[in-house]
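Shown next, in structure tokens, is the structure this report addresses.
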Amino acid sequence: MELIAVEKPASYPDKERGERLNQQLRDKAKELLERGAVECVIGYERATDGSSARPFFVYQPEEVDRLIFDQTCTHNLVKYLLNKKDKTTAVVVKPCDSRALNLLLNEKQIQRDKVFIVGVVCPGIVETGWNQVSQTLQGRCQRCRQHTPLVYDFLVGEPPAEEAPPAEAYADVAEIEAKPLAERQTFWDEQSKRCIRCYACRQVCPGCYCSECFVEQLQPPWVGIKIAPPENNMWQTIRAFHLAGRCSGCNECERVCPMDIPLSLLNRKLEKEVWELFEFQAGLSAETVPPFATFKKEETLGIGE
Amino acid sequence: MSPENPFVPYLATVKNVVTLTPDIKLLGLELDDPTVRDNFSYKAGQFAVLSAFGVGEAPFCLASVSHPKGELEFAVRRIGTVTSSLQELEPEAAVGVRGPFGNCFPLDDNKGQNIFIIGGGIGMAPLRPVINTILRNRDDYGHLLIINGARTPQDLVFQAEFDIWASSPRTQLELTVDRGHDGWKGRVALVPAVIAELNPSPENTVAITCGPPIMIRFTLQELRKLGFQDNQIITTLEMKMKCGLGKCARCNVGDMYVCKDGPVFTCEQISKFIEQF
Amino acid sequence: MTQTISRRNLLSWLGRLLEERLLIAPTHTTGPILFQPVSKIEDIVLDFDNTALSAKEWFFPATETLFWAETTDGRTELVPATVEREAVVFGIRPCDAKGLALVDKAFLAEPADTLYQQHRDKAVLVGLSCRKASPQCFCTSMGTAPNDPTHVDILLTEVEEDYIVQIVTEKGKALLPDNLLLESKVVPPPPPSPPVVSAEGIEEVMRQAFDSPYWSRLADRCVHCNLCAYVCPTCYCFDIRDYESKGKIERVRSWESCQSPGFTRQAGGYNPRASKGARLRQRFYHKLLYFPEDFGAIACAGCGRCVQVCPVNIDIREVIADIQTIGGRNVP
């Protein structure tokens, strides 16, 4: 997949703006903690490589100066809310993360009044890993159509004066779709050969929260424990199907995969199908029920017509 | 196990299946290979890993006393896939056995002492060979006091042996249940309360207990209140296991591996555990 | 005087080896560089930092069949798996070799894990010294070094166009013919110096720190995937399950890690290590306290792969430094 290098990402043209945003963020976190409005603020801090970011849980007002927000803040922090269900928590969300939040609100996994949402106007996140921060925007950010979160209690950052037009949403998906079946089979077999079933993709995904994942069920054994291509294929495909109509497109699954498997292709293929069939995109609001969680009598799927 | 591979079980055949309670059955197995059978010897407290081929393996303490001509007996409680599968076996079915693994109750060290046995539910399984070893060597041990507890009267384990135990010399058997029913004339009390009620002296006595973790925790408290020292209290622990031989690093409580440092531990050892079980 | 081999001779020797044995070497894939069997010499990558997965997977595979059970006419027969092929693992870094030596302590202890032993016995390790340290490396703090020959059969050190050859074991000597070697006056280059992590006295401070709230704070951001354990050269936890297909039963073991939520969950639901903090703590305690108590060494080779791959930057070097501080030891 060819990435387009963007020299000047939208919305953070200057250091000053970034510093203003960071100060707003820290001030808000401090205020929330000092007045006991929340038990914890989940945000980001600098990682041990001195250049990338990592999630940071702030419990004391004195710690807020460690909070940062910049173009290395790739993680989707919404998942952590599922570990904090009995507490009131503030969480820093980018637009893609806010879509995941809407999903969890809709699926009744978190309560709106237990979350204080600090939305960040996002300039796009760069390709980043430990000790590897690039200047190139991540693919999902190049395709991104929303720089402001969809739901928030407090907004930090300023919406951009002008935005670069987003990259085509499904160019890479269409490329695979255009290949003949045998080539597609070969492509995906190559990917599943490398999968080591670390489940990092599942663990970082806000949509994956089953207390017992299908892949761990013994009865019936849907997928075995063998770390081998047929089982790996099943694992990746079924997970993608479980996320159809639910995936927020944060792409963390692909970023964390140690074997560079292009997982977002699977998720976005299904996202494309869901859009074409139901004109539905996940996470735009906490009210709209995803297609596979509802049934309308008048539904047709274009099959047999 | 095959000497080529400690993960390959000995083949054995089910000879006997006896229903003990609504969810517990006693399986009697005979090892197929006569040489293996003659050399398979074990002590009370040790366990074996049984295979329900096609389903999986699980560890079970040996509930019988070791004898070259004897069956290997295991009390199996139906709780998951392997135990359910083992419970469905009928005589002549094939199973796998790996073992014996683990350490044992130090019964030789306890000769001349009074023995106080406290068992809850399926926890009676490793205690049964302790009782039977004592009964077969009756003069080597002092007074034997047994508390056998269960959730309800029908869940009491080894009911068919109660008369034999109770009628042995210098032996006292006390039964108790958490909840009785109309026909139950016996005691209704939690095991730790029964310990307090019976108030046995710790003098020259060793307490051996096995049961659910919560029962063990409260039993240890009660025994300490009565003056039992930590080195006078012995128990067995269980953790989820896979290999049973100290390779898969799963069954540890802190730095103690239940499969090779246990399953038998003294309270003195447990008091030094850094992790909770 | 040192012995050297030219790059040309090295490649032609490897070319001959791959005709007789399984030759495993670092290769490009559509993803990262991994140890894979090679069918042609051109596939071997000589210029790399380290592979994404350690060489451990060729001795303790991610998935391995333990035995097959076949039932015919009511009679069951068990057929153990065996390792048949002789192998050469080329390009293994000293940290990965140290990792194997650490896994040996657990797997070869009585009763020995016979499949692992067969893999080890049938493989010859041809190591490659590191000419530079990466930011995540800390091998010298974990009892090895970028040019440590201790745990390989042959160690090669790149110097200009050639390689200095150290034959370490009889196995190595038998594999590499003398006539390919040249006597040389070239001096081995100084090895790189990775940053130091002071793990001295860590066992004692770990013992004191078990109940510290540090572990659940650290675990806040842990997502409990299995990445750190799977890329690690020294982690060895596994799961065992049976598979049934066409009347044959296969008992298989696969990698698992203490981080997975159901690792200690018993049938019936009881889970003594249910909390995130307890699970994350187990990883560090196994490496820094329990393994040293049982086997006399920290279960870490300093390769830094866990540092690189952790999605949330749980960094063992930071953890060691933090624990030293909690224990009141002021270490640099």
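Laboratory data are not the source of any read-out in this text; all were calculated from the coordinates shown. Not measured: the values here are computed from a predicted model. No Cβ is skipped: glycine too gets one built from the backbone with ideal geometry, and neighbour counts run over all protein chains shown.
For chain C, modelled as a GNM with alpha-carbon contacts under 10 angstrom, which of C:Phe90, C:Phe59, C:Phe67 fluctuates the most? Residue with maximal mean-square fluctuation among C:Phe90, C:Phe59, C:Phe67: C:Phe67. Towards the positive end of the charge dipole of region C:202-325, with charges on Cβ (+1 Lys, Arg; -1 Asp, Glu), say which of C:Leu289, C:Tyr214, C:Gln259 has the farthest Cα. Ranked along the dipole, the leading option is C:Gln259. Averaging 1/r over every pair of different alpha carbons in chain C and inverting the result gives a Kirkwood radius of 21.6 Å.
Farthest toward the positive end of the dipole of region C:202-325, out of C:Asn271, C:Pro311, C:Gly247, is the Cα of C:Gly247, where the dipole comes from beta carbon charges about the Cα centre. Put a plus charge on the Cβ of each Lys and Arg, a minus charge on the Cβ of each Asp and Glu, and nothing anywhere else: the dipole of the protein assembly as shown about its Cα centre is then about 1220 debye. In the structure displayed, which of A:Lys30/A:Lys79; C:Lys98/C:Lys248; B:Lys69/C:Lys122 lie more than 30 Å apart, Cα to Cα? The pairs that break the limit, which is 30 Å between Cα atoms, are C:Lys98/C:Lys248; B:Lys69/C:Lys122. Normalising the average separation of contacting C-alpha pairs (under 8 angstrom, six or more residues apart) by the number of residues puts the relative contact order of chain B at 17 percent. Among beta bridges identified by DSSP and lying wholly in region A:38-99, the antiparallel ones come to about 70 percent. Computed about its Cα centre, the charge dipole of region C:202-325 is approximately 400 debye, with only Lys, Arg, Asp and Glu carrying charge at their Cβ.
Remark: mean inter-chain Cβ contacts per residue of A:197-209 equal 5, using a 10 Å Cβ-Cβ cutoff to other protein chain atoms. Counting Lys and Arg as +1 and Asp and Glu as -1, what is the net charge of the other residues whose Cβ lies under 12 Å from the Cβ of A:Pro290? With Lys, Arg at +1 and Asp, Glu at -1, the neighbours total -1.
Return the whole-Å distance between the Cα centroid of region B:204-277 and the Cα centroid of region C:293-314. Cα centroid to Cα centroid, the span is 30 Å. Spin-label model, C:Asp211 to B:Ala193: label points 7 Å out along the Cα-to-beta-carbon direction sit 3.0 nm apart. Relative to its residue count, region B:129-242 spans a Cα convex hull of 137 Å³ per residue. Applied to region C:219-230, the Karplus parametrisation 6.51 cos²θ - 1.76 cosθ + 1.60 on θ = phi - 60° returns per-residue 3J(HN,Hα) values of 6, 3, 8, 5, 9, 6, 8, 10, 4, 4, 5, 6 Hz, with x for Gly and Pro. Kirkwood's formula applied to the C-alpha pairs of region A:15-156 gives a hydrodynamic radius of 15.2 angstrom.
If R0 is 51 Å, the Cβ-Cβ spacing of B:Arg179 and A:Glu276 corresponds to a FRET efficiency of close to 0.30.
Taking 37 °C and 0.692 mPa s as conditions, chain A diffuses translationally at an estimated 160 µm²/s according to Stokes-Einstein applied to its Kirkwood radius (Cα pairs). For region A:77-227, the antiparallel share of DSSP beta bridges with both residues in that region comes to about 25%. With a Förster radius of 22 Å applied to the beta-carbon distance between B:Val18 and B:Ile214, the computed FRET efficiency rounds to 0.20. Translational diffusion of region B:10-101 was estimated from the Stokes-Einstein equation, with Rh taken as the Kirkwood radius over Cα pairs; at 25 °C and 0.890 mPa s the coefficient is 190 µm²/s. Which value, to two decimals, describes the C-alpha radius of gyration of region A:171-293 once divided by 2.2 N^0.38 Å? Rounded to two decimals, the normalised Rg is 1.07.
The label point for A:Asp70 and the one for C:Tyr270, both projected 7 Å from the Cα toward the Cβ, are 5.1 nm apart.
For the protein assembly as shown, the antiparallel share of DSSP beta bridges with both residues in that region comes to about 65%. Taken about its Cα centre, region B:107-253 carries a charge dipole of about 520 debye when Lys and Arg each add +1 at the Cβ and Asp and Glu each add -1 at the Cβ.
The tail of the calculated P(r) for the protein assembly as shown beyond 47 Å holds 34 percent of all Cα-Cα pairs.
Scanning residues 5 or more positions from B:Ala63 or on other chains, those with amide H under 5 Å from its amide H are B:Glu73, B:Phe74, B:Ala75, with H placed 1.01 Å from N in the peptide plane.
The reciprocal of the average 1/r between distinct C-alpha atoms defines the Kirkwood hydrodynamic radius, which for chain B equals 19.2 Å.
Between region B:29-99 and region A:32-103, how far is it from one alpha carbon centroid to the other, in angstrom? One Cα centre to the other: 52 Å. I'd like the FRET efficiency for A:Lys108 and B:Asn137, computed as 1/(1 + (r/R0)^6) with the beta carbon distance as r and R0 of 56 Å, rounded to 0.05. For A:Lys108 and B:Asn137, the calculated efficiency is 0.35.
Here's the picture: charge each Lys and Arg Cβ at +1 and each Asp and Glu Cβ at -1 in region C:63-153, and of C:Gln136, C:Thr82, C:Val124 the one pushed furthest to the positive end of that dipole is C:Gln136. Sparsely packed loop sites in region C:155-198 (the trypsin sites (Lys or Arg not before Pro) outside DSSP H, G, I, E and B with at most 12 other Cβ atoms within 10 Å) comprise C:Lys185. Among the listed pairs A:Lys193/C:Lys173; B:Lys225/B:Lys260; A:Lys87/B:Lys272; C:Lys56/C:Lys287; A:Lys226/C:Lys56; A:Lys84/A:Lys269, a Cα-Cα separation exceeding 25 Å is found for A:Lys193/C:Lys173; B:Lys225/B:Lys260; A:Lys87/B:Lys272; A:Lys84/A:Lys269. Per-residue shielding of C:315-328, expressed as the average number of other chain Cβ atoms within 10 Å of the residue Cβ, stands at 1.
Shielding of peptide C:239-251 by partners, expressed as the average count of other chain Cβ atoms within 10 Å per residue Cβ, is 5. A simple spin-label model places the labels of A:Ile176 and C:Lys105 4.3 nm from each other, with each point 7 Å out along Cα-to-Cβ. Shown for chain A: cysteine residues without a partner Cβ closer than 4.7 Å, namely A:Cys40, A:Cys73, A:Cys122, A:Cys141, A:Cys144, A:Cys195, A:Cys198, A:Cys210, A:Cys213, A:Cys247, A:Cys257.
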